[in-house]
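One structure below.
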Amino acid sequence: MKDNKRYGLLFSLLLMAAAGVAQAQPQVSATVGTHYSKVIFGDEADNRQEAQFTLGWHIGLSVDVPVGRALYIQPGLLYSQKGFTQEDSWFAGSGNNFEVNAHYLDLSVNFLYKPAVGSGHVLLGGGPYAAYGLGGAWESDEDVVIGDIVIGDHGEVHFSNDAMDGGDGNSYLYGRPLDYGANLLVGYEFFNRISAQFNVQLGLANIIPEYADGTTRDGSVNNIAWGVSLGYKL
């Protein structure tokens, strides 16, 4: 029920953004950037263990829709590479330097304040995002052992709502495909054309998959990322 309410809120915000685009003069930008991402694992006792950051990238489009004096709604769609690195073997069997690169399609709706400063505009904003996992790849310096099964030192990444979905062969189950959370950003727009900004993305969804009976294992897995983006108005 809680998830349904969250999905409903995200859907409502996306509808608001679409309505704004239809009624205003939008400005479309191409966006490209790089970021560091990782996952945070929590056990049943709420003890937290954090993997190490791994370098990824993102590319896509955003639209600035004016809604007031220096105020904008900015929907955006990005293709983004996220994941994590685990330098020791506390999570992935006996494999060290276990690195996961997962591909996501990210849809966000940010609320921007763009006051004029100097020859451009300061960018301050934030808002919700929803992302859907598409696949990816993993690799390790050593063979990874889960239980008594050796799955090798590389393979594919898959997403599933079913905790018992092992994928094909040595595929790694990253988590549920649907992720959501909050974006924060600060930056500067030069000459109303080129922008540079610092971004933070906080995953609020627990992406641990469910078992067939609707239960999940105790604990949580959340995505987190930070990075920089460059935008160019088309």
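The values are calculated or read from the model by the stated rules, or taken from the named source; none is laboratory data. Please read these numbers as outputs of a predicted model, since none were measured by experiment. For neighbour counting, all protein chains shown are included, and Cβ atoms are generated from backbone atoms with ideal geometry for every residue, glycine included.
Only one residue in Ser62, Ser108 is modelled with pLDDT of 90 or more, within 13 Å of the chain's Cα centre (by Cα), assigned to a strand (DSSP E or B) and of a type in the set (Ser, Thr, Tyr), so which one is that?
After applying the criteria, what remains is Ser108.
Mind checking which residues of segment 131-180 are under 17 Å from Asn97 (Cα atoms), crowded, with 16+ Cβ neighbours inside 10 Å and among the aliphatic types (A, V, I, L, M)?
Ala137, Val144, Ile151, Val157
Output the residue which, of all residues in segment 6-58 that are modelled with pLDDT under 90, under 20 Å from the mean Cα position of the chain (by Cα) and more than 29 Å from Gly231 (Cα to Cα), is surrounded by the most Cβ atoms within 10 Å (Cβ to Cβ).
Ala51
When you check Glu189 against the structure, is it farther than 30 Å from Pro26 by Cβ and touching a Ser or Thr at 6+ places or on another chain (Cβ under 7 Å), yes or no?
So Glu189 fails the test.
Inside segment 113-194, counting only strands (runs of 3 or more DSSP E) that do not spill past its ends, which hold 2 or more residues that are over 20 Å from the mean Cα position of the chain (by Cα), modelled with pLDDT of 85 or more and farther than 30 Å from Lys233 by Cα?
Correct list: 120-146, 149-159.
Just to be sure I understand, how many residues within segment 59-79 are more than 19 Å from Ile224 (Cα to Cα) and aromatic (Phe, Trp, Tyr)?
Count: 1.
With the requirement that a residue be more than 15 Å from Ala131 (Cβ to Cβ) and outside any loop (DSSP other than H, G, I, E, B), what does segment 214-234 give you?
Thr216, Ser220, Trp226, Val228, Ser229, Leu230, Gly231, Tyr232, Lys233
Taking segment 195-211, which residues are under 13 Å from the mean Cα position of the chain (by Cα) and part of a strand (DSSP E or B)?
Passing the criteria: Asn199, Val200, Gln201, Leu202, Gly203.
Any idea which residue in segment 189-223 is surrounded by the fewest Cβ atoms within 10 Å (Cβ to Cβ), counting only those that are under 17 Å from Asp43 (Cα atoms) and among the β-branched types (Val, Ile, Thr)?
Selected residue: Thr215.
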